[in-house]
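To keep things clear, I will list the structure first and then write my remarks on it.
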Amino acid sequence: MTLWLPLGIAGLLAVVYGFTLSRSPPSPAKLLLKISGMVILTVAAAWAGAPPLLVAGLAACTLGDAFLAGRTERWLIPGMAAFFIGHVFYVGLFWSAGQVSGDLMNYLARGVLVFAGAGYVFWLSPSLGPLRLPVLAYAAVILVMGAGAIALPPGFGLVLIGALMFIASDAILANELFRRPTGETPRWLASISLWNLYFFGQMLIALGFLAK
């Protein structure tokens, strides 16, 4: 019961931050509000005895959030690097939890995810410019993370849902960064959707492992 209090506070702070998106410019106060939920989630997971790779992944993503709270043209690459490292931790975490083997439907699901992701990146490719290689590397690691979540043994349903939410969030973010017409105001619905998918996806990943 004690764990639900910090998680509830983290979720509330995340929802509050979501309503500030596209409504105010970057500021120290907005940065603190943005990372507060993830900081609480990370500390709560560590306090509850979560696997070190989970805590490391949450911490890396929190750092990525901090970078992306600034100006995109300056902080996008450091932010992507932090999230890349976070996904590497998650890949290690998922594989260390065990993998389903010999299940045709599981292999098929992983294949669908990878091919759909590759198709989406191919569609984005003309708009990526000098960021093509970093985006390709990032897409590769997040798809490996997603495939690892699909391959988890029974009992990790929350982790799978959270990982797919994370991927969906990044897909929306990529569309906003690279396909939105230059000068167009960020779309509030897209911004709040990607943020909530991201944050609550992270929470489900954490809860999925804490429940074990």
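List of remarks:
- Reported count of residues in the stretch 10-47, each being at pLDDT 95 or above, more than 16 Å from Asn196 (Cβ to Cβ) and small (Gly, Ala, Ser), is 3.
- Among residues of the stretch 161-208 being surrounded by fewer than 15 Cβ atoms within 10 Å (Cβ to Cβ) and part of a loop (DSSP other than H, G, I, E, B), the one that is modelled with the highest pLDDT is Arg179.
- Filter result for Gly37 (in contact with a helix residue (DSSP H, G or I) (Cβ under 9 Å, 6 or more places away or on another chain) and of a type outside the set (Lys, Arg)): yes
- Test result for Leu158, assigned to a helix (DSSP H, G or I), over 18 Å from Asp65 (Cα atoms) and in contact (Cβ under 8 Å) with a residue 40 or more places away in the chain: yes
- Yes/no for Ala174 being under 17 Å from the mean Cα position of the chain (by Cα) and without any contact (Cβ under 8 Å) to a residue 24 or more places away in the chain: no
- Reported count of residues in the stretch 50-103, each being of a type in the set (Ser, Thr, Tyr), farther than 19 Å from Pro26 by Cβ and surrounded by 20 or more Cβ atoms within 10 Å (Cβ to Cβ), is 1.
- Of the criteria (1) assigned to a helix (DSSP H, G or I); (2) at pLDDT below 95, which one Gly146 fails: (2)
- Here is the figure for the stretch 132-142: residues that are within 16 Å of Pro78 (Cβ to Cβ) and either without any contact (Cβ under 8 Å) to a residue 12 or more places away in the chain or exposed (fewer than 14 other Cβ atoms within 10 Å of the Cβ) (or both) total 2.
- Among the residues of the stretch 104-131, those that are of a type outside the set (Phe, Trp, Tyr) and surrounded by 15 or more Cβ atoms within 10 Å (Cβ to Cβ) comprise Asn106, Ala109, Arg110, Leu113, Val114, Gly117, Val121, Leu124, Ser127, Leu128, Leu131.
The values are calculated or read from the model by the stated rules, or taken from the named source; none is laboratory data. No experiment lies behind these values; they were computed from the predicted model shown. No Cβ is skipped: glycine too gets one built from the backbone with ideal geometry, and neighbour counts run over all protein chains shown.
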